[in-house]
Amino acid sequence: LSSPHLSSPLPPFHTHCQHRYVQGMCDILIPILETCRDEVVAFWCFSNWMETLRTHFDGSQGGVHTKLFLLQQLVRKLIPDLHRFFETIGGSSYLFAFRWFVCMFKREMEYESTKRLWEVLFTSRPKFGPNFILFFALAILYNFNVPIMSMTDPDEVFAFVSTQLPLLIRPDEHLKRAIILYRQYKVLESAGVDKDT
């Protein structure tokens, strides 16, 4: 995307919110600016969304680490073989998914697919809640658990997720699986099985 106004909302954002720039903010800004086509509207959309994601971009990035923990718990419940595999190879921190949550999958798929995913994530909040992105991540792990479980160490998993997986992600396919996994989780939750996620 090429625009003379592309970075213009960032300086007033930092002044308004007293945030420093953190890698990943531009990944969030670009689709907003391209969709709004208006700097003022884009500024307030971006500013409000950064308030929602405040803990993703502060010093500790605690919001991202919370999502990694919740993803770990979902895998433990819904894809237990994969969870045991990660524990066996020493990859149970799920740091390979860090970029997924910082950039909301912006770097994992084509631009139009990113916009499609974001539209679903934003409009599905009343039905699936604010953490449906976790189930999209879970769906990717579910759909690629066979090749992942053929790997031997966390570095190999990280390399696969960072370089090969972005070429293979199909948003619509994974969204369908995410809905199935969400419903499975709700069944477990209603049955009182591990209500900690």
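The values are calculated or read from the model by the stated rules, or taken from the named source; none is laboratory data. Quick caveat: nothing in here was measured; it's all calculated off a predicted structure. Methodologically, a virtual Cβ is constructed for each residue, glycine included, from the backbone with ideal geometry; neighbour enumeration extends over all protein chains shown. What goes into the accessible areas is simple: the full protein's heavy atoms, side chains included, and nothing from ligands, DNA or RNA. Shrake-Rupley method; radii C 1.70, N 1.55, O 1.52, S 1.80 Å.
What length, rounded to one decimal in nm, is gained on full extension from GLU189 through to MET149, with 0.36 nm per residue of separation minus their alpha-carbon distance?
Extra length from GLU189 to MET149 when fully extended: 11.7 nm.
I'd like the GluC sites (Glu not before Pro) in the range 98-187 restricted to DSSP loop residues with at most 13 other Cβ atoms within 10 Å, sorted by number.
When the GluC sites (Glu not before Pro) of the range 98-187 are filtered for loop state and at most 13 Cβ neighbours within 10 Å, GLU110 remain.
So what are the ³J(HN,Hα) numbers for the range 163-170, from phi and the Karplus equation (6.51, -1.76, 1.60; θ = phi - 60°), rounded to whole Hz, Gly and Pro as x?
Here the 3J(HN,Hα) series is 10, 8, 4, x, 7, 10, 5, 10 Hz.
What percentage of the solvent-accessible surface of the range 104-197, computed with a 1.4 Å probe over protein heavy atoms, is contributed by carbon and sulfur atoms?
That fraction is 55 percent.
As a test question: what accessible area, to the nearest 10 Å², does ILE133 have when a 1.4 Å probe is rolled over all protein chains in place?
So the heavy atoms of ILE133 present about 20 Å² to solvent.
Pull out the extension gain between ILE180 and GLN73, defined as 0.36 nm times the separation in residues minus the alpha carbon to alpha carbon distance; nm, one decimal.
Full-extension gain reported as 36.8 nm.
Among residues other than MET104 whose Cβ falls under 13 Å from its Cβ, what is the net charge (Lys/Arg +1, Asp/Glu -1)?
Cβ neighbours under 13 Å give a net charge of +3.
Which of LYS127/LYS186; LYS106/LYS127; LYS115/LYS186 have a Cα-Cα distance over 21 Å?
LYS106/LYS127; LYS115/LYS186
Accessible area per residue, 1.4 Å probe, Å², for the chain: what's the number?
51 Å²
Report the trypsin sites (Lys or Arg not before Pro) located in the range 131-197 that are in a DSSP loop and have at most 13 other Cβ atoms inside 10 Å of their Cβ, or state none.
LYS195
Once fully extended, how much extra length lies between ILE89 and SER47, figured as 0.36 nm per residue of separation less the alpha-carbon to alpha-carbon distance? All intermediate terms of the calculation are to be shown ahead of the outcome.
Details: separation 42, 0.36 × 42 = 15.12 nm, distance 4.00 nm.
That pair, ILE89 and SER47, stretches by 11.1 nm at full extension.
To the nearest 0.05, what FRET efficiency results for GLU34 and ARG125 with a Förster distance of 22 Å applied to their C-beta separation?
Calculated value: 0.50.
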